[in-house]
Amino acid sequence: MSQGSGLFLSFEGIDGSGKSTQARRLAGHLRDLGREVVLTREPGGSPGAEEIRALVLNGDPDRWSAETEILLFTAARRDHLERTIQPALERDAVVICDRFADSTRMYQGLSRGDLRAQVDKLHALMIGREPDITLLIDMDPAEGLSRALSRTGAEERFETFGLELQQAMRRGYLDLAREHAERFRVVDGTGDPDEVFDRLLSALPEFSEPRA
Ligand code: TYD
């Protein structure tokens, strides 16, 4: 697939890290600077991928094996990339994606055994691209947990994962950020949303000036 000339940003973090709020704020900020922004999310972000989202996130958490989940998330991602992300990048838009392949590396690659190699192979075969910049909102899982549980309609998955696994995911994300230091920016997610947003903007010097 061609690369397109826009900018592709992803947000990552454990559940309750506040990344969705920050992604929305960044989208608003960049629109105010005059950029076309496509704010999207995974799983989902295109009609077909939203259907797959319903398959993977609703119902019994043991409905699919980790391996089948890798296939479903990757199928959703391929559709999302073809129909939403790639066309937006070709129009020179900024794409802000709430979760991308790093979520599969962590959630399916770590949580039920070590499946990272399978995730990476399938990614190389069927997706073949990473975001230009990945913003990791880093957060203490105990704090993230209390936030996630206080949300109305919070998805079941977080509770079933438990604190220990969230600790492992946090470490996993920080390791991933070191492994892919060229695209990751780690932002401390503690404090109120304004403070976090200020940190986020400092981590994105490319957007400190309006584009000519
Ligand atoms: P999301 O709606 O983004 O929830 P949150 O607001 O907590 O980020 O994602 C739903 C869940 O899907 C979340 O628990 C992470 C999980 N997920 C995976 O397990 N694998 C993936 O590849 C993706 C994109 C998400």
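Computed from the coordinates by the stated procedures, all read-outs in this text should not be read as laboratory data. Predicted model, so just to flag it, every value in this text is computed and none were measured. Methodologically, a virtual Cβ is constructed for each residue, glycine included, from the backbone with ideal geometry; neighbour enumeration extends over all protein chains shown.
What would the Debye equation give as log₁₀ I(q)/I(0) for the chain at q = 0.11 Å⁻¹, counting only Cα atoms as equal point scatterers? For the chain at q = 0.11 Å⁻¹, log10 I(q)/I(0) is -0.50. Placing +1 on the Cβ of every Lys and Arg and -1 on the Cβ of every Asp and Glu, with nothing else charged, gives the chain a dipole about its Cα centre of roughly 360 debye. Computed over neighbours whose Cβ is under 14 Å from that of residue 200, the net charge equals -4, Lys and Arg +1, Asp and Glu -1. Take each peptide in 25-34, 78-87, count the other Cβ atoms within 10 Å of every residue, and average; sorted highest first, the result is 78-87, 25-34. In terms of packing, defined here as the mean over residues of other Cβ atoms within 10 angstrom, the peptides 10-22, 51-63 line up highest first as 10-22, 51-63. Summed over qualifying helices (DSSP H, 4 residues or more, each -39500 (n - 2.57)) and divided by its residue number, the chain shows a 222 nm mean residue ellipticity of -14500 deg cm²/dmol.
Net charge of the neighbourhood of residue 126, taken over other residues with C-beta under 10 Å away and scored Lys/Arg +1, Asp/Glu -1, is +3.
Give me the net charge of residue 143's neighbourhood, meaning all other residues with Cβ under 12 Å from the Cβ of residue 143; Lys, Arg count +1, Asp, Glu -1. Net charge in that neighbourhood comes out at -2.
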